[in-house]
Amino acid sequence: MSSEDQVHATRIEQRLRSAADAMIDLAAPQENYKKLIEDGGFFDTGQGFAMSYDRANTEFVLRNQPLFSSRVTMNLGNVRPMIPLNVDPPNHSKYRKLLDPLFAPRVMDAQEEDITQRANGFIDAFIDRGECNFTEEFAELFPASIFLGLCGLPEAEMRSFLDMRDYILHPAKKVPGAGEDLSKRQVSLDKGAELIYGYFTDLIAKREAEPADDLISRFLAAEVGGDRLSHEDILDIMFLFVIAGLDTVSDSLTCFFAFLAQHPDHRRQIVEDPAVIPAAVEELLRWESPVPGGVPRVATEDVLLPGGQLVKEGTAVRVSYGAADIDEATFGDPFEVRFDRETNPHIAFGAGVHRCLGSHLARRELRIVLREWHRRIPEYRLKPGHEQLEYPQGLRHVKDLMLSWS
């Protein structure tokens, strides 16, 4: 991609994000979502960009892949499409056949003990102190630790992985002014990409020479119908895993614990009956929807949506998972956070062919954290003096969530 194309792609992404974020309050977006749905649920800027909020239109866009392509330029420093996120069928189907078995529920079962030990290891570091910066001391570290384990890497590599993530997803942390200046943001993205491609090029070569019981070795050995993953394929998969696997679970945890710290009745339900945890995870995913909007889908032809809106060919449509998850057309009582909800068809992990590959692992991590934390720290609250929570732009997360207990 040329530098001119990179800047253009960045501007498209920022315009879509800015237009969407301007309409919501990231700290408490649900009321805004409701109003957007009531106001029509679909907004076309007339400049090749549109946003979908209501459930019917959003699901239609996500589930009708031939009409809406995911082959969009995600200018995150990557030099090729991220696999399988930016690949359409039939190639997408080939990749999912190779990858899905590696992340199946039964495979995740084998990770239970390791994930549990890692969660408790982080809790050990601060439990006696009676307080912690949950964001910095747990939420950001825990998923990265799991990722290191899956890759057969030592904890000493943690900082390297967090740097890769931050250069891409939190550029202002790494390059001063990157939050506002496109050229500085590009510098950060390029540096992050350089780190990711360099690190995993070396790791793939090592695992090919000496296979281990880890994710890269499984990718190298995976085969379906004669199809195998090339080194470039694995690099493009790992690029996605670094930015998706490390950040989305972190963000979910900060949103979950901010909610529970402020809603003691819900917290007590988990403490008194841990069997409710799987349902609690699903309900908090629905209510908080830490990934508020999905990757834009580009209309491959003129399309008439269920709501009656016409989407012109070439329009990039950004869907809102968060809004779709509080739509009364699907949830009769969407503003009630209920851990006894019998059916919960939320789309926090997306929908259609591009539904999140790592959803089984993410669910496992979230369930284990809720179980182990509330087993060991059943009573906690927002630390006095830190009740005003900050939700920065981007994926929904709480910056410096300070919790205390005694």
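The values are calculated or read from the model by the stated rules, or taken from the named source; none is laboratory data. These figures come from a predicted structure and were not determined experimentally. We place every Cβ from the backbone using ideal geometry, glycine too, and count neighbours over all the protein chains shown.
Odds and ends about this structure:
- Considering the stretch 113-153, the residues that are within 20 Å of residue 241 (Cα to Cα) and among the charged types (D, E, K, R) include one that is nearest to the chain's Cα centre (by Cα), namely 140.
- Residue match in the stretch 231-245 (condition: assigned to a loop (DSSP other than H, G, I, E, B) and either closer than 27 Å to residue 371 by Cβ or at pLDDT 95 or above (or both)): no
- Inspection of the stretch 279-290 identifies at least one residue that is crowded, with 23+ Cβ neighbours inside 10 Å and of a type in the set (Ser, Thr, Tyr).
- As for the stretch 198-207, it holds no residue that is out of contact with any Ser or Thr (no Cβ under 9 Å at 6 or more places or on another chain) and farther than 27 Å from residue 98 by Cα.
- A count restricted to the stretch 319-337 and to residues that are within 21 Å of residue 396 (Cα to Cα) and buried (at least 17 other Cβ atoms within 10 Å of the Cβ) stands at 11.
- Criterion: buried (at least 17 other Cβ atoms within 10 Å of the Cβ), of a type in the set (Lys, Arg) and on the phi < 0 side of the Ramachandran plot - qualifying residue of 355, 376, 297: 297
- When the criteria are applied in full, residue 212 meets the requirement of being more than 29 Å from residue 286 (Cα to Cα), modelled with pLDDT of 90 or more and more than 23 Å from the chain's Cα centre (by Cα).
- Filter pass, residue 238 being under 27 Å from residue 107 (Cβ atoms), in contact with a Gly (Cβ under 7 Å, 6 or more places away or on another chain) and aliphatic (A, V, I, L, M): no
- Test: residue in the stretch 155-162 that is in contact (Cβ under 8 Å) with a residue 24 or more places away in the chain and not small (Gly, Ala, Ser): yes
- 3 or more residues farther than 19 Å from residue 334 by Cβ, modelled with pLDDT under 85 and within 18 Å of the chain's Cα centre (by Cα): qualifying helices (runs of 4 or more DSSP H) within the stretch 1-107: 3-21
- When the stretch 142-171 is filtered for residues that are assigned to a helix (DSSP H, G or I) and among the aliphatic types (A, V, I, L, M), the ones remaining, listed by number, are 144, 146, 148, 150, 156, 158, 162, 164, 168, 169.
- Among the residues making up the stretch 365-406, those that are of a type in the set (A, V, I, L, M) and either modelled with pLDDT under 95 or in a loop (DSSP other than H, G, I, E, B) (or both) are 377, 389, 395, 398, 401.
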